[in-house]
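Asker: This is the structure, below, for whatever I ask next.
The values are calculated or read from the model by the stated rules, or taken from the named source; none is laboratory data. Bear in mind that the values here come from a model prediction, so they are computed numbers and not experimental data. Every residue, glycine as well, gets a Cβ built from its backbone with ideal geometry; the counts of neighbours run over all protein chains shown. Heavy atoms of the whole protein, side chains included, go into the accessibility calculation; ligands, DNA and RNA do not. Shrake-Rupley method; radii C 1.70, N 1.55, O 1.52, S 1.80 Å.
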Amino acid sequence: MKRIFTLMFAAMFAGQALAQTTFEVGNLEYTVTDETNHYVSVGKAETEPTGALNIPEKVTNPDNSVEYSVTSIDYIAFYGCSGLTSVTIPNSVTSIHNFAFLDCSGLTSVTIPNSVTSIGICAFESCSSLTSVTIPNSVTSIGDEAFRYCSKLTEINVENDNTTYTSENGILFNKDKTTIISYPTSKTGTNYTIPNTVTTISAYAFYGCSDITSITLPNSTTSISNHSFASCSNLTSITIPESVTSIGDNAFCDCKNLASVTIPNSVTSIGDDAFKGCSGIISLTYNTNAIGSAFYDNTSLKIINIGNSVTSIGVAAFRDCSGLTSVTIPESVTSIGDRAFYYCRSLTSINIPNSVTSIGDDAFRGCSKLTSITIPESVTSLGNAAFRDCSGLTSVTIPNSITSIGHYAFEGCRNLTSVTIPKSVESIGHYAFSFCSNLKQITIYATYENGLPPLGSYAFSNNTCTVTVPCGQTDYYKESDWGQYTNFTYAEDFLYEFTVEANYPEMSKVEILQMPDCSNPATVKATANEGYVFVMWDDKCTTEENSSVYASGDRRCIAYFAPADADINIIPKNYNTAFWYYNTDTKTLHVGGHGELMIEADYMWGDLPKAEVEHVYIEDGFTYIDASTFQNFKALKDVRLPATLKNIGSTSFNGCESLESVVIPEGVREIEYGAFNGCSSMKYVVLPSTLQKISSRVFTLCPQLDSIVMKCDTAPLSYYNSFDTPAKFYIPCGMTNTYFNSNYWWHETHNNDRY
């Protein structure tokens with residue numbers, strides 16, 4: 001692919017050259033490159049030169065009799081001139097451009113003068129009769145692949161006083177021999193030990209060296225570049241030392257006799273197709289931290305041992321490794337990339353560890369011998385066509401962590417007989433289970449109350465199934481997308497999870513006496529420890545310790561307890577579970593329960609002495625604090641907000657003139673209008689990283705507010721008058737411009753610092 005793009009690039013330049021002044025003399029064409037100094041570049045004319053070519057130092061344009069100096073060999077100048085046997089380049093030439101002598105297969109010798117400073121990319125590529133070349137001391141630049149496919153080349157010699165390059169035994173290095181640039185294709189000898197000064201193996205350095213059977217890399221080597229050992233077809237062994245940190249694209253591509261390879265821990269990156277076509281590799285020991293498509297299309301690779309330092313299996317890592325039978329994925333791996341095991345037809349089983357959080361598109365597509373697979377609870381999504389055409393799969397259990405099943409995820413799994421879809425799944429893609437001709441049983445836990453997952457088109461086409469759904473849900477399914485499948489038969493069962501717990505385990509004991517089913521409620525029992533009292537079950541169906549609880553969807557049934565001497569007030573609202581009690585000695589208001597703390601303030605607090613309350617403790621479980629809930633609690637000094645909180649309602653703490661500080665917990669997304677307006681003693685505020693919106697007048701009339709800590713990496717949506725105080729804002733490191741360029745009110749703040 002690289003060559004194709006480079007040729008296009010060269011052709012573009014050639015097209016530009018044709019637009020310039022050109023003229024022909026004999027079988028050579030000259031292009032004017034500098035009219036002022038009378039410079040031209042040279043290339044073939046319509047009639048190709050053959051035999052021995054002597055390029056003149058000067059040439060006269062027959063059209064205007066102006067004499068020009070030949071200073072360069074043009075792009076693709078003599079491309080394909082197979083009849084050329086030798087070339088003499090004059091001392092006026094300073095550069096040999098890209099592809100200048102590409103495919104000059106009859107060229108046996110070339111004389112490069114001391115005037116030349118650069119030799120372009122692929123300049124002598126495929127000069128298959130060239131046996132030796134001398135690089136003069138003037139050359140300071142040699143392009144990649146300059147001598148690629150020179151199948152008879154045995155010597156590359158560098159003049160001793162060259163300041164950039166050197167040679168040893170006909171092998172080209174940079175001057176200080178830290179980089180090996182080119183090993184002649186036909187150099188004799190089957191074993192080669194790279195000097196211990198070398199740190200880098202250059203691109204294409206050993207490309208096509210078919211005689212070499214073994215190479216020893218020194219411990220000084222740190223990188224193996226793109227195509228470095230590609231097409232070394234007889235290379236049987238290579239030891240990659242611990243010093244190597246990177247292996248480039250196609251580095252060992254088509255090394256067909258390479259039998260095994262060990263990737264050391266030091267390697268941090270391996271390029272695409274690094275070992276593609278290494279059909280002799282049977283076993284692989286892999287220790288580096290990331291796997292790309294390095295072993296794509298290794299049909300003989302059977303056993304893979306992945307080390308504990310590997311964190312990801314990248315795109316097409318083992319694609320089309322049709323001989324692969326076994327792979328061990330360690331706990332260190334967190335992601336399996338797109339097409340990672342695509343059409344590994346011999347893979348019979350694979351263990352995906354709990355560390356993996358994502359499985360990419362087509363990851364196991366076409367693994368036709370996989371009979372079962374366990375998807376761990378850590379995975380949150382299945383990519384498109386992740387298990388498409390895994391015709392050997394007979395059953396699959398999708399864990400509770402999965403939120404989406406991609407398009408075509410299990411299409412064509414014709415031996416799949418059953419599938420379990422948990423309540424966590426929010427969407428099922430197009431054709432996800434289509435053409436699963438033996439799929440007879442679908443068990444799905446979603447309820448109407450929690451949302452039935454929408455189906456993509458033809459998600460279950462060509463299936464006749466019994467669908468087991470939770471109690472009382474059949475009609476909801478038939479009225480949804482699922483109703484399009486008239487060949488579904490519905491069966492109901494108690495599929496819900498049902499658990500009981502106490503808000504404070506140290507106060508009590510709770511237990512299930514009888515589990516519910518589709519016809520009968522659960523029987524639960526709550527027993528308070530000494531010094532405490534049972535308050536209520538979370539649905540407020542009863543204040544009796546022994547209760548019957550009807551299950552509607554998954555239930556985590558909570559029993560609430562409080563100190564025995566507390567004056568307990570149950571809030572009489574149907575859409576939340578809440579109660580409060582007040583300690584007159586400590587002046588602390590305790591609010592317990594869960595759901596949305598939606599109240600009419602006076603109705604809720606009854607005879608509470610609001611003017612005396614100094615401390616408020618709100619139990620975890622509440623997600624929303626409604627408007628005016630704690631408005632004008634004038635003695636309130638501090639409040640403990642629940643960790644489950646998502647929104648703080650408008651004017652909820654308005655007028656709390658003694659409140660000195662507030663820490664908004666992580667998870668809160670929005671603070672509504674005037675929530676802390678008029679908190680005239682407020683000095684310190686911490687806003688969470690989850691905050692998305694601050695409405696107007698949230699912190700206005702807070703004249704003592706001095707410090708505001710912002711944890712958000714993205715400035716939350718806010719209004720001009722959210723703050724009216726010259727407070728010092730502490731924002732995340734490096735985020736000043738992000739804040740200043742977001743909402744215009746940030747420009748009005750004074751003393752913005754980093755924390």
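Asker: Just a yes or no: is a residue in region 428-435 closer than 22 Å to Ile304 by Cα, touching a residue at least 12 places away in the same chain (Cβ under 8 Å) and touching a strand residue (DSSP E or B) at 6+ places or on another chain (Cβ under 8 Å)? Lay out the reasoning, then the answer.
Answerer: Filtering region 428-435 for residues closer than 22 Å to Ile304 by Cα gives none.
Within region 428-435, none of the residues are closer than 22 Å to Ile304 by Cα, touching a residue at least 12 places away in the same chain (Cβ under 8 Å) and touching a strand residue (DSSP E or B) at 6+ places or on another chain (Cβ under 8 Å).
Asker: Of the residues in region 404-432, how many are farther than 24 Å from Glu497 by Cβ and not polar (S, T, N, Q)?
Answerer: So in region 404-432, the residues farther than 24 Å from Glu497 by Cβ come out as 406-417, 429-432.
Checking which are not polar (S, T, N, Q) leaves us with 406-414, 416, 429-432.
Count: 14.
Asker: Another question, then. When only residues in region 271-281 that are open to solvent by 10 Å² or more (accessible area, probe 1.4 Å) and under 11 Å from Cys321 (Cβ atoms) count, which is modelled with the highest pLDDT?
Answerer: Out of the qualifying residues, it is Lys276.
Asker: Name the residues in region 610-650 that are touching a helix residue (DSSP H, G or I) at 6+ places or on another chain (Cβ under 8 Å) and either open to solvent by 40 Å² or more (accessible area, probe 1.4 Å) or touching a residue at least 40 places away in the same chain (Cβ under 8 Å) (or both), would you?
Answerer: Selection gives Gln631, Asn632, Lys634, Ala635.
Asker: Cβ-Cβ under 6 Å, sequence separation 6+ or interchain: first residue in region 486-510 and closer than 30 Å to Thr466 by Cβ and in contact (Cβ under 8 Å) with a residue 12 or more places away in the chain, partner of a type in the set (D, E, K, R) and exposed (fewer than 12 other Cβ atoms within 10 Å of the Cβ). Which pairs?
Answerer: Close Cβ pairs satisfying both conditions: Thr499/Arg556.
Asker: Now for a different question. If Ser401 satisfies every condition in (1) of a type in the set (S, T, N, Q); (2) under 20 Å from Gly456 (Cβ atoms); (3) at pLDDT 90 or above but one, which is the exception?
Answerer: (2)
Asker: Looking at the structure I just gave you, is Ser128 open to solvent by 10 Å² or more (accessible area, probe 1.4 Å) and either in contact (Cβ under 8 Å) with a residue 60 or more places away in the chain or under 18 Å from Ser186 (Cβ atoms) (or both)? I'd like the intermediate steps shown before the answer.
Answerer: Details: open to solvent by 10 Å² or more (accessible area, probe 1.4 Å): yes; either in contact (Cβ under 8 Å) with a residue 60 or more places away in the chain or under 18 Å from Ser186 (Cβ atoms) (or both): yes.
Yes; evaluated as a whole, the condition is true for this residue.
Asker: Quick check on my filter: what residues within region 486-502 are touching a helix residue (DSSP H, G or I) at 6+ places or on another chain (Cβ under 9 Å) and either under 20 Å from Asp538 (Cβ atoms) or open to solvent by less than 50 Å² (accessible area, probe 1.4 Å) (or both)? Explain how you work it out, then say what you get.
Answerer: In the first step, residues of region 486-502 are kept if they are touching a helix residue (DSSP H, G or I) at 6+ places or on another chain (Cβ under 9 Å); the result is 488, 490-492.
Those that are touching a helix residue (DSSP H, G or I) at 6+ places or on another chain (Cβ under 9 Å) and either under 20 Å from Asp538 (Cβ atoms) or open to solvent by less than 50 Å² (accessible area, probe 1.4 Å) (or both): Phe488, Tyr490, Ala491.
Asker: Would you mention how many residues in region 329-352 are open to solvent by 30 Å² or more (accessible area, probe 1.4 Å) and not in a loop (DSSP other than H, G, I, E, B)?
Answerer: The number of residues fulfilling the criteria is 2.
Asker: Also: Filter region 57-66 down to residues that are of a type in the set (A, V, I, L, M) and either open to solvent by 30 Å² or more (accessible area, probe 1.4 Å) or under 47 Å from the mean Cα position of the chain (by Cα) (or both), then give me how many there are. Give the steps one after another, and end with the answer.
Answerer: If we filter region 57-66 for residues that are of a type in the set (A, V, I, L, M), which is where we start, we get 59, 66.
Still in the list and also either open to solvent by 30 Å² or more (accessible area, probe 1.4 Å) or under 47 Å from the mean Cα position of the chain (by Cα) (or both): 66.
Count: 1.
Asker: I would also like to ask the following. Which of the residues spanning region 470-485 are surrounded by 18 or more Cβ atoms within 10 Å (Cβ to Cβ), in contact with a strand residue (DSSP E or B) (Cβ under 6 Å, 6 or more places away or on another chain) and without any contact (Cβ under 8 Å) to a residue 40 or more places away in the chain?
Answerer: Tyr477
Asker: Same structure again: I'd like to verify a number: residues in region 438-455 that are open to solvent by 70 Å² or more (accessible area, probe 1.4 Å) and not aromatic (Phe, Trp, Tyr), how many? Spell out how you get there, then give the answer.
Answerer: Taking region 438-455 as the starting set, the residues that turn out to be open to solvent by 70 Å² or more (accessible area, probe 1.4 Å) are 440, 445, 448-450.
Retained after the next criterion (residues that are not aromatic (Phe, Trp, Tyr)): 440, 449-450.
Adding up the residues that qualify gives 3.
Asker: Among what's in region 238-270 and is assigned to a loop (DSSP other than H, G, I, E, B) and of a type in the set (A, V, I, L, M), pick the residue that is surrounded by the fewest Cβ atoms within 10 Å (Cβ to Cβ). Please lay out each step first, then the result.
Answerer: Step one: list which residues in region 238-270 are assigned to a loop (DSSP other than H, G, I, E, B), which gives 240-245, 248-259, 264-268.
This time we only want the ones that are of a type in the set (A, V, I, L, M), so: 240, 244, 251, 258-259, 267.
On the way: Ile240: 18, Val244: 22, Ala251: 27, Leu258: 22, Ala259: 14, Val267: 22.
Residue satisfying both the conditions and the ranking: Ala259.
Asker: If the requirement is being surrounded by 12 or more Cβ atoms within 10 Å (Cβ to Cβ) and within 14 Å of Ser548 (Cα to Cα), which of these qualifies: Met515, Met507?
Answerer: Details: Met507 fails: within 14 Å of Ser548 (Cα to Cα).
Being surrounded by 12 or more Cβ atoms within 10 Å (Cβ to Cβ) and within 14 Å of Ser548 (Cα to Cα) holds for just one of Met515, Met507, which is Met515.
Asker: Would you confirm whether any residue within region 25-32 is of a type in the set (Val, Ile, Thr) and within 24 Å of Val158 (Cβ to Cβ)?
Answerer: Just the residues of region 25-32 that are of a type in the set (Val, Ile, Thr), to begin with: 25, 31-32.
Imposing the further condition that a residue be within 24 Å of Val158 (Cβ to Cβ) reduces the set to none.
Scanning region 25-32, I find no residue that is of a type in the set (Val, Ile, Thr) and within 24 Å of Val158 (Cβ to Cβ), so the answer is no.
Asker: Please go through (1) open to solvent by 20 Å² or more (accessible area, probe 1.4 Å); (2) modelled with pLDDT of 95 or more for Phe653 and return the number of the only condition it doesn't satisfy.
Answerer: Checking Phe653 against (1) open to solvent by 20 Å² or more (accessible area, probe 1.4 Å); (2) modelled with pLDDT of 95 or more, the one that fails is (1).
Asker: Please list, ordered by first then second residue, the pairs with beta carbon atoms under 9 Å, 6 or more apart or interchain, first in region 67-95 and farther than 14 Å from Phe124 by Cβ and open to solvent by 50 Å² or more (accessible area, probe 1.4 Å), second charged (D, E, K, R) and in a loop (DSSP other than H, G, I, E, B).
Answerer: Final answer for the pair search is Asn91/Glu57.
Asker: Separate question: Quick one: in region 691-729, of everything that is under 22 Å from Leu645 (Cβ atoms) and open to solvent by 50 Å² or more (accessible area, probe 1.4 Å), which residue is modelled with the lowest pLDDT?
Answerer: Here the answer is Tyr719.
Asker: Looking at (1) modelled with pLDDT of 95 or more; (2) over 26 Å from Cys81 (Cβ atoms), can you tell me which one Asn169 breaks?
Answerer: Failing condition for Asn169: (1).
Asker: Hand me the list of strands (runs of 3 or more DSSP E) wholly inside region 437-513 holding 3 or more residues that are under 35 Å from the mean Cα position of the chain (by Cα). Give the derivation first.
Answerer: On the way: elements: 441-444, 465-470, 488-493, 498-502.
Because the criterion is at least 3 residues that are under 35 Å from the mean Cα position of the chain (by Cα), the strands (runs of 3 or more DSSP E) in region 437-513 that meet it are 441-444.
Asker: Across region 395-442, what is the total count of residues that are of a type in the set (Val, Ile, Thr) and within 16 Å of Ile373 (Cβ to Cβ)?
Answerer: In the first step, residues of region 395-442 are kept if they are of a type in the set (Val, Ile, Thr); the result is 396-398, 402-403, 405, 417, 419-421, 425, 428, 442.
Add one more test, that the residue is within 16 Å of Ile373 (Cβ to Cβ), and what stays is 396-398, 402, 405, 417, 419-421.
Selection size over region 395-442: 9.
Asker: I'd like to check something: does region 222-235 contain any residue that is small (Gly, Ala, Ser), modelled with pLDDT under 95 and more than 20 Å from Phe275 (Cα to Cα)?
Answerer: No, because not a single residue in region 222-235 is small (Gly, Ala, Ser), modelled with pLDDT under 95 and more than 20 Å from Phe275 (Cα to Cα).
Residue by residue, here is whether (1) in contact with an Asp or Glu (Cβ under 9 Å, 6 or more places away or on another chain); (2) more than 20 Å from Cys413 (Cβ to Cβ); (3) modelled with pLDDT under 90 holds:
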residue: Ser322; (1), (2), (3): yes, no, yes
residue: Thr328; (1), (2), (3): no, yes, yes
residue: Ser355; (1), (2), (3): yes, yes, no
residue: Arg365; (1), (2), (3): yes, no, no
residue: Leu370; (1), (2), (3): no, no, no
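Asker: Turning to a different aspect of this structure: Can you name every residue in region 364-420 that is more than 25 Å from Gly451 (Cβ to Cβ), of a type in the set (S, T, N, Q) and either in a loop (DSSP other than H, G, I, E, B) or open to solvent by less than 10 Å² (accessible area, probe 1.4 Å) (or both)?
Answerer: Ser368, Thr371, Ser372, Ser391, Thr394, Asn415, Thr417
Asker: Conditions: (1) buried (at least 21 other Cβ atoms within 10 Å of the Cβ); (2) more than 19 Å from Thr108 (Cα to Cα). Leu153 meets all but one. Number of the miss?
Answerer: For Leu153, the exception is condition (2).
Asker: Oh, and also: Looking only at residues in region 165-193 that are within 41 Å of the chain's Cα centre (by Cα) and assigned to a loop (DSSP other than H, G, I, E, B), which one is surrounded by the fewest Cβ atoms within 10 Å (Cβ to Cβ)?
Answerer: Applying the filter and picking the extreme gives Asp176.
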